[in-house]
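The values are calculated or read from the model by the stated rules, or taken from the named source; none is laboratory data. These numbers come from a predicted model, not from an experiment. So basically every Cβ, Gly included, is an ideal-geometry build from the backbone, and we count neighbours across all protein chains shown. What goes into the accessible areas is simple: the full protein's heavy atoms, side chains included, and nothing from ligands, DNA or RNA. Shrake-Rupley method; radii C 1.70, N 1.55, O 1.52, S 1.80 Å.
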Amino acid sequence: MGTKLAQTKILTRTELYNIFGINVLRFSKDKRAKRRAVLLLAAYGFLAVMMMFYVGGFSFALGQLSLSEAVPSYLIAISSFFLFFLGILKAGGVVFRKEGYDILSSLPLAQGPIVASRFLRLYIEDLPFALAVLLPGLSVYAYMVKPGGAFFLFGFWAVLLVPILPIVGAVFVSALVMAIASRMRYKSIAVSGLSILVVLAIMAGTSRLSAAGEFSPEMWRDLSGTVFAVLEKVYPPAVFLGRAVVDMDFGKLLLGTVLFALAFVAVAVFVSSCFHRICRSLYGTSAKHNYQIGEMKRSFVLSALVRRELKRYFSSGAYIANTIIGPVMAVVFAGAALVTGTDRLAEFLPIPVDIGGFLPFVLAGIFSMMNATCVSVSLEGKQWWIINSLPLSPKPILDAKILMNVILVLPFYLVSEVMLVLAVRPGLPELIWLILIPAEAILFSSVFGLSVNLRFPVFTWESETSVVKQSVSSLLGGLGGILPVILFGGVAVTAESGKLHVVKAIGSVVILLITVLLYQKNCRTDLKEL
């Protein structure tokens, strides 16, 4: 037992060495790497501050509606769902990580410490988000209700418990997905496909629960009770923990701690029992020695580079799952518009707008999120020297990365457009904007994501998941592409109906001009200097 605890401690420390780039900041002598680590921490800090202000304002608004008592439970539910969805897309890549598995499997280590160390890594990665969401909300609650000093101890204790169940659930689902995918031929595609299906299934189930919790006039009279009733349907542990904090019930919080710990241990034991079997099935290979050179084909440079990019893309489940979710959601959105009608979708918007004129910006925003180019350079990793050694200019190399993203998104774009056209039945001017604005957004986000990745490349990574999820490029390139869409979409919403086409025309010209300028700048980049 002591040996396993010692192994867990050492492995956990090793897992945390490069978390958030802190180790690079402390020990690296590369000034460029240190600057990237500082920028990463600054970006996370900026997002944390923005989130804290937003959560604080939202909690204050709930208090003004006499819902202060529901604030802890509500925020626990929101943060838990976010961590669960995020965990499904990244937990498999962390727990069943390919990099370093051959070294670990050759060492005299038990499976338990390996799995426990990776569980703890996930917990420590998710804890700052829980703190950024819950501490401002609990502080606003304390300011409005003034429950006493002991409340902060109970609140902080509850915050430490919040990430446990989302991590446990995400790892359990990821283990099942990995176990199923390990028996299939194309494992990376199977992993990403199953993960996306799970996310969509959970979102569909949550929406049904929300629909079942629609407010009646009687419910509005007891708004606080209604909120708790909805939360109990969606996520009962949130109500349990929230009430324990509000009531400062030591026994209930202790019981919750024991139950959460038991769930953590149970799933860790389950994953440990099948850890090596799943890893061997995923990463083990067999080869025969009867290789023969077949027909050799000649192709254009660009087509060969595009095929290389596509092979690289489909070889990584984490890469696929985190970049294809946007196009999939675009098809789901268009399908919902076709089935339920655009009037039903307009009910979910915060302000009344002409949904037909606003649809191009919604579709463009969905397609602009987390494109494949924003990490395509970083994922070259230690093989970057190979592409640099080719007698090629930067243009075809970068063009291949942009074309790869366009080829991946194109089928989803076409399907979405067909369904939205059938749903809206637009006139000729609206049809042009419905086709043109999302297409421009796809092209802009591809070029913009590549520009960011050229500015902040990371070639020394320990796992693909860390590049796709935690790098500066994934953060800025994956989300920054949506900012122009939000800007021009907001202007279009507030514009008069007679000037709407003018606003769309100006926005399209500006986005296209920025795309061309960024593309020309990328082509002048000296790739050997990265």
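T465: assigned to a loop (DSSP other than H, G, I, E, B), of a type outside the set (G, A, S), under 23 Å from K382 (Cα atoms) and out of contact with any Pro (no Cβ under 9 Å at 6 or more places or on another chain), yes or no?
Working: assigned to a loop (DSSP other than H, G, I, E, B): no; of a type outside the set (G, A, S): yes; under 23 Å from K382 (Cα atoms): yes; out of contact with any Pro (no Cβ under 9 Å at 6 or more places or on another chain): yes.
Criteria not met by T465.
Checking the conditions here, which among V271, V267, V245 is open to solvent by less than 40 Å² (accessible area, probe 1.4 Å) and either of a type in the set (S, T, Y) or in contact with a Pro (Cβ under 7 Å, 6 or more places away or on another chain) (or both)? First the steps, then the outcome.
Values: V271 fails: either of a type in the set (S, T, Y) or in contact with a Pro (Cβ under 7 Å, 6 or more places away or on another chain) (or both); V267 fails: either of a type in the set (S, T, Y) or in contact with a Pro (Cβ under 7 Å, 6 or more places away or on another chain) (or both).
After applying the criteria, what remains is V245.
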Report task. Determine whether V452 is part of a loop (DSSP other than H, G, I, E, B) and under 27 Å from the mean Cα position of the chain (by Cα). Result -> no
Requested in this report: Run M184 past the list (1) modelled with pLDDT under 70; (2) touching a helix residue (DSSP H, G or I) at 6+ places or on another chain (Cβ under 6 Å); (3) open to solvent by less than 60 Å² (accessible area, probe 1.4 Å); (4) closer than 19 Å to G92 by Cβ and report the number of the one that doesn't hold.
Outcome: (3)
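Would you check which residues across region 59-69 are buried (at least 17 other Cβ atoms within 10 Å of the Cβ) and part of a helix (DSSP H, G or I) and list them?
S59, F60, L62, G63, S68, E69
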Report task. Among the residues of region 330-342, write down those that are open to solvent by 20 Å² or more (accessible area, probe 1.4 Å), at negative phi and touching a residue at least 40 places away in the same chain (Cβ under 8 Å). Result -> V331, V332, F333, L338, T342
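Among the residues of region 145-159, write down those that are touching a residue at least 60 places away in the same chain (Cβ under 8 Å) and open to solvent by less than 60 Å² (accessible area, probe 1.4 Å). Walk me through it before giving the result.
Of region 145-159, the ones touching a residue at least 60 places away in the same chain (Cβ under 8 Å) are 145, 147-148, 150-151, 154-155, 157-158.
P147, G148, A150, F151, F154, G155, A158 - these are the residues of region 145-159 that are touching a residue at least 60 places away in the same chain (Cβ under 8 Å) and open to solvent by less than 60 Å² (accessible area, probe 1.4 Å).
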Requested in this report: Could you tell me whether region 98-117 includes any residue that is within 21 Å of A244 (Cα to Cα), of a type outside the set (S, T, N, Q) and in a helix (DSSP H, G or I)?
Outcome: no
Requested in this report: Determine, yes or no, whether G489 is within 20 Å of P327 (Cα to Cα), open to solvent by less than 30 Å² (accessible area, probe 1.4 Å) and touching a Cys at 6+ places or on another chain (Cβ under 6 Å).
Outcome: no
Query - Enumerated helices (runs of 4 or more DSSP H) restricted to region 355-439, each holding at least 1 residues that are open to solvent by 30 Å² or more (accessible area, probe 1.4 Å) and of a type in the set (D, E, K, R) - result: 394-424
Query raised in the report: Which condition number does G93 fail, the rest of (1) within 30 Å of L176 (Cβ to Cβ); (2) touching a helix residue (DSSP H, G or I) at 6+ places or on another chain (Cβ under 9 Å); (3) open to solvent by 30 Å² or more (accessible area, probe 1.4 Å); (4) modelled with pLDDT under 80 being met?
Result: (3)
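Each row is one residue, and each column tells you yes or no for (1) of a type in the set (D, E, K, R); (2) open to solvent by less than 20 Å² (accessible area, probe 1.4 Å); (3) in contact with a Pro (Cβ under 7 Å, 6 or more places away or on another chain).
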residue: Y54; (1), (2), (3): no, no, no
residue: I78; (1), (2), (3): no, no, no
residue: K98; (1), (2), (3): yes, no, no
residue: Y101; (1), (2), (3): no, no, no
residue: R121; (1), (2), (3): yes, yes, no
residue: L127; (1), (2), (3): no, no, yes
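Yes/no matrix, rows are residues, columns are (1) more than 19 Å from A175 (Cβ to Cβ); (2) open to solvent by less than 60 Å² (accessible area, probe 1.4 Å); (3) modelled with pLDDT under 75; (4) not basic (K, R):
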| residue | (1), (2), (3), (4) |
| --- | --- |
| R26 | yes, no, yes, no |
| K31 | yes, no, yes, no |
| L39 | yes, no, yes, yes |
| V71 | yes, yes, no, yes |
| S117 | no, yes, no, yes |
Report summary line: Taking first residues from region 490-503 that are more than 12 Å from P360 (Cα to Cα) and among the small types (G, A, S) and second residues anywhere that are open to solvent by 70 Å² or more (accessible area, probe 1.4 Å) and at pLDDT 70 or above, the pairs with Cβ under 9 Å that are 6 or more apart or on different chains are A495/V502
Query - Residues of region 439-467 classified as touching a Lys or Arg at 6+ places or on another chain (Cβ under 8 Å) and β-branched (V, I, T), total - result: 3
